[in-house]
Each structure stands twice: as C-alpha cells, then as structure tokens.
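The values are calculated or read from the model by the stated rules, or taken from the named source; none is laboratory data. These numbers were taken from a predicted model, which means no experiment stands behind them. Note that each Cβ is placed from the backbone with ideal geometry, even for glycine, and that neighbours are counted across all protein chains shown.
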Amino acid sequence: MAESTVRRTSGPRRGGRAGATWPIHVLLVVAVVFMVVPFVWQLLTVFKTTAEVTRVPPTILPADFSLHSFETFFSTVPFWSMFAVSAGSLVLRVAGQIVVAALAGYAFARIPFPGSRVLFGLFIVMLMVPSQLFLIGQFQLIRDLQLLDTLPALAIPGLFSAFGTFLMRQAFLTMPGDYEEAARLDGANTFQVFWYVMLPMARPMLAALAVLTGLYSWNDLLWPLIVSPSGENRPLPVGLAGLQGQFGTDYPTLMAGALVCSIPLVIVFLVLQRQFFAGIASSGLKG
Amino acid sequence: MTNVATKPVRRPVGRRTGVSKPSGWWGLAFIAPATIGLVALYVWPFLSTLLKSFQDVPAFGPATFVGLENYTTLIGDGDFWKAFQNSALYTLIILLGIPLAVVLAALIEQVGRGRAIYRVLFFLPVVTLPVAIGMVWRFIYNGDFGLLNYVLSWFGIDGQFWVADPRFTIYAFGVVGIWMGLGINLIILGAGLQAIPKALYEASSLDGAGRVRQFFHITVPLLSPSIFFVTILSVIAALQMFDLLFIMLRGVNNTALTDSKTIVYLFYEKAFVQFDQGYGAAIAIVLLMVIMIATALQFRLQRSWVFYG
C-alpha cells in the first residue's frame with residue numbers, strides 16, 4: 001500500500017509527531033496479547049491430556065504433544081460431512097446472492113422503470129428489520145416446502161439480501177455511463193451491457209459482498225439450528241455446539257474441534273484479507 | 001440532483017443513431033428474482049410474525065386471534081424482563097469497547113510498517129466461528145481450572161465461576177463480545193481515520209500540540225461520524241446476541257441459564273423449542289421496537305456530539 005512507499009527518512013525532521021513509534025508499538029503489543037492469548041491457550045490445550053487440563057494450578061505447556069484430542073474428535077464427529085454441508089451452503093448462498101443482488105442493484109441504479117423508487121424503499125425498510133423477525137415465517141416456508149434438514153434450506157433465505165442489493169446499487173451508481181452508451185451503440189442489449197460491460201467493473205464490490213456473505217454463512221448458528229431439527233445435514237457450528245453437550249469436560253477434544261472447524265475460514269481470510277477489510281469498510285460507508 | 005443539468009446535452013445524438021434507452025421491461029426482469037425472494041422470505045414472514053403476535057398459535061391445529069394477550073402476558077412475565085435487563089446490560093458493556101476501539105484505531109494509524117499485521121491479529125476473532133469462541137472462553141472462565149482464575153491468583157484475587165455464577169455471567173459475556181467485535185470496529189474506524197487530512201496534524205504539531213492533544217482535538221471530533229456509525233452497529237448487534245449465550249450456557253447449572261437469557265435467546269426458546277410461536281412472535285416484535293427506540297435515541301443524542309465538518 002501507499003504508506004510502505006513513504007520511507008521514514010524524514011522522521012527526525014518532523015520531530016513531534018513522527019518521533020518515536022516504540023511507545024505505540026508497546027501499547028499495541030499489549031492489546032495484541034489480550035487478543036491472542038485465548039487462541040494460544042486453545043492451541044496449548046489441544047495437545048494436553050485431560051488430566052493435565054484439569055490440574056490446579058493448570059499446566060502451561062503440555063508434557064508431550066499428544067494428538068489424542070484430534071483422534072477423539074475425528075472419530076466421534078462426522079467432520080467431513082459437516083464441512084461439506086457448511087461449504088456447500090456457503091457456495092450456494094454466495095453465488096446465488098451475488099447474481100440476484102447484482103441484477104437488482106443494476107436495475108435500481110441504471111434502468112428507470114415504474115415503481116422503482118417504491119420498491120427500493122421496501123428493500124431499505126427490510127434492511128433495517130432485525131433478522132429474527134423473519135425466522136418464524138421463513139421456517140414455516142421451508143417446512144411447507146418439505147426442505148427441513150436439507151442443504152438448500154440452509155442457503156435459501158440468504159440468497160436474497162436487501163443489504164447486497166443496496167451495496168450493488170451503490171457500486172453501479174458510481175460508474176460512468178459512457179461505457180454503457182458505447183456498448184449500446186455497438187448493438188448490445190441491456191443484459192449484454194450488464195453482463196459484459198458493467199458487471200466486470202463491479203468486481204471489487206462483488207468480491208467484498210461475496211466475502212461478507214461467506215462470513216455470515218459460515219458463522220451462522222441460529223438459522224441452521226432451526227432448520228436442521230433431526231441432525232442430518234448439520235453445518236459445522238451446529239455440530240460443534242453438539243460436541244459441547246457431548247464432551248462437556250473433555251477440554252482437549254473440545255478445543256481441537258473448535259480449532260479444526262475454525263481453521264478453513266481463517267485460511268480464506270489470510271488469503272483474501274483485502275476483500276474482507278473492503279467488505280467491512282463498505283458496509284460501514286452508509287447506514 | 002445537481003448533475004441533471006449536464007444530461008440533456010447528450011440526448012439528440014442517441015436518438016439519431018437509434019440507440020434506445022433500456023426499457024422498463026428490462027428493469028422489471030432484472031428486479032424480479034430479488035423481489036420475489038424479498039416478498040416470500042422477508043416481507044411475508046415479517047407480516048406473519050406481526051399477525052402471529054396477536055394470535056395463539058398451537059404447535060398443531062389452527063391459530064386463534066387473541067388480541068393483545070401475548071403482549072399483556074409479556075409485560076407480566078418475569079423471564080422477559082430479566083432477558084430485557086440482560087440484553088440492556090450486555091449492550092452497555094459492549095459500548096465500553098468503543099472508546100477502546102477508537103484509541104486502538106488511532107494507534108494503528110500512527111504505525112507505518114506493521115500496520116497490516118496488527119489489523120490481521122485484531123481481526124482474527126471476527127473470522128473464527130462464534131461457537132468456537134464461546135467454547136474457548138468458557139474454558140478460560142472455568143471456575144475450577146480456568147486460565148483467568150489462575151492469572152488472577154498471581155495477584156491474590158479469588159477465583160470465581162464466571163459463567164456459572166449468574167452475578168458475573170453477563171459481564172463475562174460482555175468482555176468476550178468486546179473482544180470479538182474489536183476487529184470490525186477497527187476497520188470501520190480505520191477507514192474514517194484515512195479521511196482526516198494529514199495537514200491538520202502537521203499544522204497542530206507546528207503549534208506544539210502533542211499526540212494526546214491531537215487525539216482529543218483533531219482525531220475524535222473528525223472521526224465522530226464513524227464513531228457514531230460504529231456505535232449504532234454495535235448496539236444493534238449487541239441487542240441480538242445469541243450465539244455466545246447458546247454455547248457458553250449449554251449444560252451449565254440451571255440458575256445461570258434462567259438468569260442470563262437475552263431477548264433473542266428467549267425468542268428462540270419460545271418460538272422454536274417450545275413452539276409457542278404466538279408468544280415468540282410478540283417477543284420478536286418487542287425486540288424490533290427496542291432496537292428502533294435505541295437507534296432513534298442515538299440519532300437524537302448524536303446532535304450533541306457528532307461533528308459533521
């Protein structure tokens with residue numbers, strides 16, 4: 001980024017402000033320690049035995065790095081099928097929402113049609129209603145469609161998002177109209193203009209929306225809890241919550257489960273940091 | 001808006017070459033999927049929740065209209081008031097995380113190299129499963145062999161059952177909530193900080209202002225719109241807290257669970273465990289009103305502290 005190109009060479013001259021940065025680092029490192037200690041403690045616990053964990057005072061480092069906790073976790077929990085459910089519903093939800101929201105956002109931003117403003121107002125109203133207000137009706141619909149305990153049930157409400165529509169509308173509003181006109185002069189129809197010209201230009205916002213949607217989908221607990229009553233096709237958060245009930249005091253196994261289920265998204269985050277930050281920042285642009 | 005004036009100039013060219021503006025039909029076609037989804041999965045469910053809040057809805061069989069009975073029951077329901085209190089307390093604790101986030105965001109902004117690493121580290125809890133976070137903190141808070149009590153023992157402080165003892169539960173959740181939300185707040189505030197002109201800092205340091213003065217006289221006022229936004233988001237999210245409670249109080253002794261429910265937890269329990277959807281719907285409507293009032297109140301209060309330059 002830009003700041004890395006600005007070398008600190010002018011440091012001494014600027015005196016007051018740019019002066020010593022070490023006190024800042026000290027404060028930040030203290031804060032980081034608080035942020036990271038729970039994860040470190042989790043990691044250390046994973047390799048301990050149950051006896052080590054329940055000792056008072058607790059042992060800091062495991063005596064020998066036992067992998068027993070992972071064995072217990074993978075032998076009692078159908079991790080891969082839960083992972084497939086989590087990943088499958090995420091892909092479905094992200095892909096679906098992006099297409100639906102981009103189409104609608106483009107229409108709201110670029111195509112005048114009767115009732116556009118009223119309809120957009122409706123989207124905005126729904127944006128402000130907390131999600132719990134929809135759960136009873138959404139559950140009823142999923143049940144009536146006989147979709148309980150299925151993968152589509154997890155993804156369907158998330159395909160449609162007032163927030164996504166709003167975000168995409170903002171993206172298309174800021175684009176210059178010249179490209180559209182040029183494409184239309186070449187004989188492209190509205191869909192072609194959208195698909196080949198405008199959508200590619202919206203790529204950064206699409207990526208941000210995809211990442212945010214993926215984050216919500218992966219982390220969500222309440223909705224999967226409601227639509228997976230029998231326990232089939234459970235995503236990771238529901239399965240992990242079940243583990244807590246099953247292995248109440250086997251902390252190494254619990255910590256191993258928490259670690260294994262969290263790792264996939266953490267890796268995705270480390271790869272796509274920029275998109276995550278852009279997504280969060282853009283959701284913070286306008287309320 | 002203002003750019004209307006520039007538009008008409010172009011039109012004649014388009015008409016001459018036969019380029020048509022997209023017709024309204026295209027608009028309707030583009031909007032159709034989103035609108036069908038919105039109506040089926042948001043507008044209709046919302047209306048049905050509203051309707052059910054005036055009905056007695058048995059798990060099986062037809063619903064009957066009962067007027068305001070669900071709401072009057074709610075007002076007399078000690079469980080509801082306890083949940084309301086817990087949600088309010090949790091939200092107030094979460095608000096304490098905002099000054100912390102402002103200070104940290106300002107500190108990170110001052111760092112040249114290494115800024116990216118700090119951001120990533122503060123963001124880690126955001127991308128970790130909330131259920132996993134609940135499990136880890138529950139272990140840390142454990143009264144017998146948790147890390148927190150061990151650390152406190154170094155300072156001669158007596159350990160407590162932070163989760164199982166209802167006197168502490170909400171506070172313990174609040175700390176985790178602040179910890180979890182910090183990453184998001186830092187990103188939003190960081191974007192706000194970028195927009196503050198650097199010249200202001202340079203000018204004021206020529207005048208001899210130190211970092212602390214600059215923080216209170218430049219950073220905080222100019223960042224106040226972002227701070228306001230973060231506050232709004234945090235309050236809305238805090239009032240909807242569910243995951244932490246669900247995971248941290250699983251199988252804990254019953255007094256902690258009955259005393260520490262939040263509004264959304266109570267809603268979940270009534271609507272989807274006991275399947276009393278009429279009563280659950282009434283709780284959801286009250287949640288909506290609480291969030292609306294809290295948000296309106298903040299918009300009122302912002303006039304006295306948010307600075308739009």
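Figures for the structure shown
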{"read-out": "The listed residue being among the aliphatic types (A, V, I, L, M), within 11 Å of another protein chain (Cβ to nearest Cβ) and closer than 25 Å to B:I285 by Cα, out of A:V129, A:V193", "value": "A:V129"}
{"read-out": "Some residue of the stretch B:71-79 being within 14 Å of chain A (Cβ to nearest Cβ), crowded, with 18+ Cβ neighbours inside 10 Å and part of a helix (DSSP H, G or I)", "value": "no"}
{"read-out": "Residue in the stretch A:71-85 that is of a type outside the set (A, V, I, L, M, F, W, C) and within 10 Å of chain B (Cβ to nearest Cβ) present", "value": "no"}
{"read-out": "The stretch B:42-83: number of residues that are out of contact with any Gly (no Cβ under 6 Å at 6 or more places or on another chain), touching a residue at least 24 places away in the same chain (Cβ under 8 Å) and within 24 Å of B:T258 (Cβ to Cβ)", "value": "9"}
{"read-out": "Identity of the residue in the stretch A:119-149, in contact with a helix residue (DSSP H, G or I) (Cβ under 8 Å, 6 or more places away or on another chain) and more than 24 Å from B:K52 (Cβ to Cβ), that ends up surrounded by the fewest Cβ atoms within 10 Å (Cβ to Cβ)", "value": "A:I124"}
{"read-out": "Residue selected from the stretch A:150-161 under the condition of a type in the set (G, A, S) and either more than 18 Å from A:L90 (Cα to Cα) or surrounded by 24 or more Cβ atoms within 10 Å (Cβ to Cβ) (or both), by the criterion modelled with the lowest pLDDT", "value": "A:S161"}
{"read-out": "From the options A:A95, A:A104, residue that is in contact (Cβ under 8 Å) with a residue 40 or more places away in the chain and either part of a helix (DSSP H, G or I) or within 25 Å of the chain's Cα centre (by Cα) (or both)", "value": "A:A104"}
{"read-out": "Number of positions in the stretch A:143-156 that are farther than 18 Å from A:V238 by Cα and either in a helix (DSSP H, G or I) or outside the structural domain of A:S228 (by TED's automatic domain parsing) (or both)", "value": "2"}
{"read-out": "Matching residues, the stretch B:112-130, being more than 7 Å from chain A (Cβ to nearest Cβ), small (G, A, S) and at negative phi", "value": "B:A116"}
{"read-out": "Residue within the stretch A:246-253 that is of a type in the set (D, E, K, R), more than 9 Å from chain B (Cβ to nearest Cβ) and out of contact with any Pro (no Cβ under 7 Å at 6 or more places or on another chain) present", "value": "yes"}
{"read-out": "A:N189, sole failed condition from (1) more than 30 Å from A:Q132 (Cβ to Cβ); (2) touching a helix residue (DSSP H, G or I) at 6+ places or on another chain (Cβ under 7 Å); (3) of a type outside the set (F, W, Y)", "value": "(2)"}
{"read-out": "Elements of type helices (runs of 4 or more DSSP H) contained in the stretch B:1-69, each with 3 or more residues being at pLDDT 55 or above and within 8 Å of another protein chain (Cβ to nearest Cβ)", "value": "B:24-38, B:44-52"}
{"read-out": "Residue pairs meeting the criteria (Cβ under 7 Å; at least 6 apart or on separate chains; first closer than 12 Å to A:P130 by Cβ and free of Cβ contacts under 8 Å to residues at least 40 places away in the same chain, in the stretch B:232-243; second part of a helix (DSSP H, G or I) and of a type outside the set (S, T, N, Q))", "value": "B:F242/A:L222; B:F242/B:V264; B:F242/B:Y265; B:F242/B:Y268"}
{"read-out": "In the stretch B:188-223, residue nearest to B:R303 (Cα to Cα) [restricted to those that are polar (S, T, N, Q) and buried (at least 18 other Cβ atoms within 10 Å of the Cβ)]", "value": "B:T219"}
{"read-out": "Matching residues, the stretch B:146-188, being under 28 Å from the mean Cα position of the chain (by Cα) and small (G, A, S)", "value": "B:A164, B:A172, B:G174, B:G177, B:G181, B:G183"}
{"read-out": "Among the residues listed as A:T174, A:T165, A:T190, the single one being among the hydroxyl-bearing types (S, T, Y), farther than 30 Å from B:G134 by Cβ and without any contact (Cβ under 8 Å) to a residue 60 or more places away in the chain", "value": "A:T174"}
{"read-out": "Inter-residue pairs, beta-carbon under 6 Å, first free of Cβ contacts under 8 Å to residues at least 12 places away in the same chain and in the stretch B:273-289, second crowded, with 18+ Cβ neighbours inside 10 Å and aliphatic (A, V, I, L, M), 6+ apart", "value": "B:L288/A:L133"}
{"read-out": "The stretch B:207-231 - residue that is β-branched (V, I, T) and touching a residue at least 40 places away in the same chain (Cβ under 8 Å) and, of those, nearest to B:D79 (Cα to Cα)", "value": "B:T231"}
{"read-out": "Test: residue in the stretch B:109-120 that is part of a helix (DSSP H, G or I), touching a Lys or Arg at 6+ places or on another chain (Cβ under 8 Å), at pLDDT below 95 and within 29 Å of A:L240 (Cα to Cα)", "value": "no"}
{"read-out": "Test: A:A51 is in a helix (DSSP H, G or I), at pLDDT below 90 and more than 10 Å from chain B (Cβ to nearest Cβ)", "value": "yes"}
{"read-out": "The listed residue being part of a helix (DSSP H, G or I) and either of a type in the set (S, T, N, Q) or at the interface with chain B (Cβ under 10 Å from one of its Cβ atoms) (or both), out of A:F163, A:F113, A:F172, A:F123", "value": "A:F123"}
